[in-house]
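**Student:** I am attaching a structure below and will ask some questions about it afterwards.
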Amino acid sequence: MSDYSLLFLLKERRKNLENKVDKNTTASPCIQISHVNRIFGKKQVLFDISLDIPFSKIIGILGPSGSGKTTLVKMIAGIDEATSGEVFVLNEKMPKLSLMNKIGYMAQADALYGELSAEENLYFFASMYNFPRTKKKQRIAEVLELVNLTEFSKLQVKQFSGGMKRRLSLAIALIHEPPILILDEPTVGIDPILRKSIWEELRRICENGTTIIVTTHVMDELEKCDSLGMIRDGKLIAVGSPAELKAASSSTTIEEAFLYFGGAST
Amino acid sequence: MRMIAIMIRILQQLRHDKRTMALMIVAPIFVLTLMSFIFSGIDYDPKIGVINAPLQFINNLEDHDAHVTRYSEFDAAEALRLSQIDAIVNFENGVPHIEMEGSDANKNKAVLMLIQKVNQEQITVIEPEITYLYGYEDMTTFDNIGPTLIGFFVFFFVFLIAGVSFLGERTSGTLERLLATPLRRWELVLGYLLGFGTFTIIQSTLIAWYSISVLDVMMVGSFGLVLLITILTAMVALSLGTFISAFANNELQMIQFIPIIIVPQVFFSGLFDLSTMHPWLQAVAPLMPLWYVADALKNVMIRGNGWDFISHDMYVLLGLCAFFMIANIVTLKKYRKI
């Protein structure tokens, strides 16, 4: 796989150069969230969230279950819309159909077609993007290799284990080489070894110019992010790099820092 | 083309899911076969007990295939009580008195018809010559309801399978995942129409062919028109099913729509005589998609009429299909505004 990864790396670099050009011309961040509120019926889920996400970084969004993480990332992905406030992706206001080509989204629940094989699932989702036919096949092989599912490509997805489904979902999110990747709890149900390799892969993709947003409540994964946003009860309570957050709360772990900020807000 | 990709995916899913495919083709054929046996049954021959009847009367009854048994008064009463016979004809002083078993309306009618026929024969009249504008002399009930049944089964199974399939897209999260791609809502709805549409063309053809060739349901019109009607029926069922699935949270709730949406349509489709219903109930019929389906199919299959006679029904069905599709596209806004 290492030889292969190198190839992949080179290819991603090339693409990265294109992104860099784009980046230099605009000083604004990759994603800009400003004063976003989201109300479902009578329940307000997000309160006045403002957050800038720079290019080529891994941003971790952490918070307890039900704190509004998924709602926030769905707005960035363009599936949901803010009740008030604005979300800009690559300087354009979301939701916007043309921008969806540039976003890879991995939902919290594996959204796969159980009757279809891994390959058929990938082929179908690839068809949702504007792909040249030959490139499609090549890209499917690449992402299958990336998530270690090549040997299971012909197997029906309903026979997959939880971890395999997670990996296939990740492969689908990566299929169109999006400059922005949104992963909603990507490593749930994945064993530690594979989790490590996925994070290594995410880091590699990020270094090649992709902006990655990850939600999680697995604390040890947070150390691997460049920057963190802590959400509690729909409010963004702290933003910063893991080191900054730990220093600001004079704690030794992210977990402690989270408890510190969470406590301070109440 | 994203629409085509969805169509291909639906066909792939069906190919992998042999059971659903079988349900959509084998189940309607099975039920239609059963119904043809039940409704093509030969006329019921009543069992009559007679007391003191003249020989001439008994012969007349037997000429009409009735099973006649002579009884004493006591035995006749006993046989009637045990439902061994349908009626007693008791000649008291030469005047016949009929006592019916009475528990089955159809048997009652058969007995009365028989007695009437026998009575009429005693007064000799010139037998009128009967010709049929549509249909034929020994037309069975199944010939009459066959076209409606074909339409109904196509409608029912497509409604259910398409509805459950689209619902699965919501519950499994794939709908949300799809809407995170540049897929447009109308592309999704049309993709479904194409995917299931392709399959229902095969399904409708098989069902129509089987009913006409194997079950021998009356068919004097054009097979092409029958196909056109059944395919359009499938399209209406498909668009209605996928639209309705928005109001169900799981498969069980989808099933709950059957008594609300499907069953009433059966009553108004023409299986039962509408002209005896209360006028305001009759006014409900034109609101039911299946009513147009049944009307068009009967026009073609029984009356052998052409396009001119069914064009009105077809336009209504097309309109309904378009309406449900647009409603579905609008409803999908719940998941993504654009």
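**Student:** Give the range B:14-42 a look and list any residue that's within 14 Å of another protein chain (Cβ to nearest Cβ) and either surrounded by fewer than 12 Cβ atoms within 10 Å (Cβ to Cβ) or assigned to a helix (DSSP H, G or I) (or both), or say none.
**Tutor:** Hits for the range B:14-42 are B:Leu14, B:Arg15, B:His16, B:Lys18, B:Arg19, B:Thr20, B:Met21.
**Student:** Sticking with this one: What single numbered condition from (1) without any contact (Cβ under 8 Å) to a residue 12 or more places away in the chain; (2) assigned to a loop (DSSP other than H, G, I, E, B) fails to hold for A:Glu120?
**Tutor:** Status for A:Glu120: all satisfied but (2).
**Student:** Separate question: Among A:Ile79, A:Ile140, A:Ile103, which is the only one that is in contact with a Pro (Cβ under 8 Å, 6 or more places away or on another chain) and modelled with pLDDT of 90 or more?
**Tutor:** A:Ile103
**Student:** Follow-up. What single numbered condition from (1) under 17 Å from A:Val73 (Cα atoms); (2) part of a loop (DSSP other than H, G, I, E, B) fails to hold for A:Ile231?
**Tutor:** Status for A:Ile231: all satisfied but (2).
**Student:** Another one. When only residues in the range A:104-121 that are within 7 Å of chain B (Cβ to nearest Cβ) and out of contact with any Phe, Trp or Tyr (no Cβ under 9 Å at 6 or more places or on another chain) count, which is surrounded by the fewest Cβ atoms within 10 Å (Cβ to Cβ)?
**Tutor:** A:Ala109
**Student:** I need the full set of residues from the range B:43-56 which are surrounded by 13 or more Cβ atoms within 10 Å (Cβ to Cβ) and either over 41 Å from the mean Cα position of the chain (by Cα) or at pLDDT 85 or above (or both), in order please.
**Tutor:** Within the range B:43-56, B:Pro46, B:Lys47, B:Ile48, B:Gly49, B:Val50, B:Ile51, B:Asn52, B:Ala53 qualify.
**Student:** Here's a follow-up. Given the criterion in contact with an Asp or Glu (Cβ under 6 Å, 6 or more places away or on another chain) and small (Gly, Ala, Ser), identify the matching residue among B:Ser40, B:Ser83.
**Tutor:** The unique qualifying residue is B:Ser83.
**Student:** Does the range B:60-69 hold any residues that are polar (S, T, N, Q) and at pLDDT 85 or above, and which are they?
**Tutor:** Answer for the range B:60-69, where residues must be polar (S, T, N, Q) and at pLDDT 85 or above: just B:Thr69.
**Student:** In addition: Just need a number here: residues in the range B:22-40 that are free of Cβ contacts under 8 Å to residues at least 40 places away in the same chain and under 26 Å from B:Val189 (Cα atoms).
**Tutor:** Going through the range B:22-40 one residue at a time, the tally reaches 1.
**Student:** A further question follows. Identify all residues within the range A:128-150 that are free of Cβ contacts under 8 Å to residues at least 12 places away in the same chain and surrounded by fewer than 19 Cβ atoms within 10 Å (Cβ to Cβ); write none if there are none.
**Tutor:** Those that are free of Cβ contacts under 8 Å to residues at least 12 places away in the same chain and surrounded by fewer than 19 Cβ atoms within 10 Å (Cβ to Cβ): A:Pro132, A:Arg133, A:Thr134, A:Lys135, A:Lys137, A:Gln138, A:Ala141, A:Thr150.
**Student:** Can you confirm whether B:Val68 is more than 14 Å from every other protein chain (Cβ to nearest Cβ) and touching a Leu at 6+ places or on another chain (Cβ under 6 Å)?
**Tutor:** yes
**Student:** Among residues belonging to the range A:185-209 that are of a type in the set (S, T, N, Q) and touching a helix residue (DSSP H, G or I) at 6+ places or on another chain (Cβ under 8 Å), point out the one that is nearest to A:Met164 (Cα to Cα).
**Tutor:** It comes out as A:Thr187.
**Student:** Can you tell me which residue is nearest to B:Lys333 (Cα to Cα) among those in the range A:74-96 that are in a loop (DSSP other than H, G, I, E, B) and in contact with an Asp or Glu (Cβ under 9 Å, 6 or more places away or on another chain)?
**Tutor:** A:Ile79
**Student:** Also, I was wondering about something else. Does the range A:94-101 contain at least one residue that is more than 19 Å from B:Lys337 (Cβ to Cβ), without any contact (Cβ under 8 Å) to a residue 12 or more places away in the chain and at the interface with chain B (Cβ under 8 Å from one of its Cβ atoms)?
**Tutor:** No.
**Student:** In the range B:124-140, is there at least one residue being among the β-branched types (Val, Ile, Thr), assigned to a loop (DSSP other than H, G, I, E, B), exposed (fewer than 13 other Cβ atoms within 10 Å of the Cβ) and under 29 Å from the mean Cα position of the chain (by Cα)?
**Tutor:** The answer is yes; a qualifying residue exists.
**Student:** A further question follows. Please count how many residues of the range B:163-198 are part of a helix (DSSP H, G or I), within 14 Å of chain A (Cβ to nearest Cβ) and not aliphatic (A, V, I, L, M).
**Tutor:** Qualifying residue count, the range B:163-198: 15.
**Student:** Could you tell me which residue of the range A:97-117 is farthest from the chain's Cα centre (by Cα), considering only residues that are part of a strand (DSSP E or B) and closer than 23 Å to A:His217 by Cβ?
**Tutor:** A:Ile103
**Student:** If you don't mind, there's one more thing I want to ask. Do we have B:Arg9 as within 14 Å of chain A (Cβ to nearest Cβ), closer than 30 Å to B:Val164 by Cβ and touching a residue at least 40 places away in the same chain (Cβ under 8 Å) here?
**Tutor:** yes
**Student:** In the range A:151-183, which residue that is closer than 13 Å to A:Glu120 by Cα and more than 14 Å from chain B (Cβ to nearest Cβ) is surrounded by the most Cβ atoms within 10 Å (Cβ to Cβ)?
**Tutor:** Going through the qualifying residues, I end up with A:Phe152.
**Student:** Of the residues A:Gly189, A:Gly262, only one is surrounded by fewer than 20 Cβ atoms within 10 Å (Cβ to Cβ) and in a helix (DSSP H, G or I); which?
**Tutor:** Step by step, each of A:Gly189, A:Gly262 is checked, and only A:Gly262 is surrounded by fewer than 20 Cβ atoms within 10 Å (Cβ to Cβ) and in a helix (DSSP H, G or I).
**Student:** Still on this structure, please answer the following. If the Cβ limit is 8 Å and pairs must be 6+ apart or interchain, which residue in the range B:58-71 that is of a type in the set (Gly, Ala, Ser) pairs with which residue that is assigned to a loop (DSSP other than H, G, I, E, B)?
**Tutor:** So the pair list comes out as B:Ala66/B:Asp45; B:Ala66/B:Pro46.
**Student:** So in the range B:264-316, with the set limited to residues that are surrounded by 15 or more Cβ atoms within 10 Å (Cβ to Cβ) and among the β-branched types (Val, Ile, Thr), which one is farthest from B:Ile207 (Cα to Cα)?
**Tutor:** The selected residue is B:Val284.
**Student:** State whether one or more residues within the range B:287-305 are touching an Asp or Glu at 6+ places or on another chain (Cβ under 9 Å) and within 30 Å of B:Leu175 (Cβ to Cβ).
**Tutor:** yes
The values are calculated or read from the model by the stated rules, or taken from the named source; none is laboratory data. It should be emphasised that the depicted structure is a prediction, and the values quoted were computed from it without experimental measurement. Quick reminder, even Gly has a Cβ in these numbers, built from the backbone with ideal geometry, and neighbours come from all protein chains shown.
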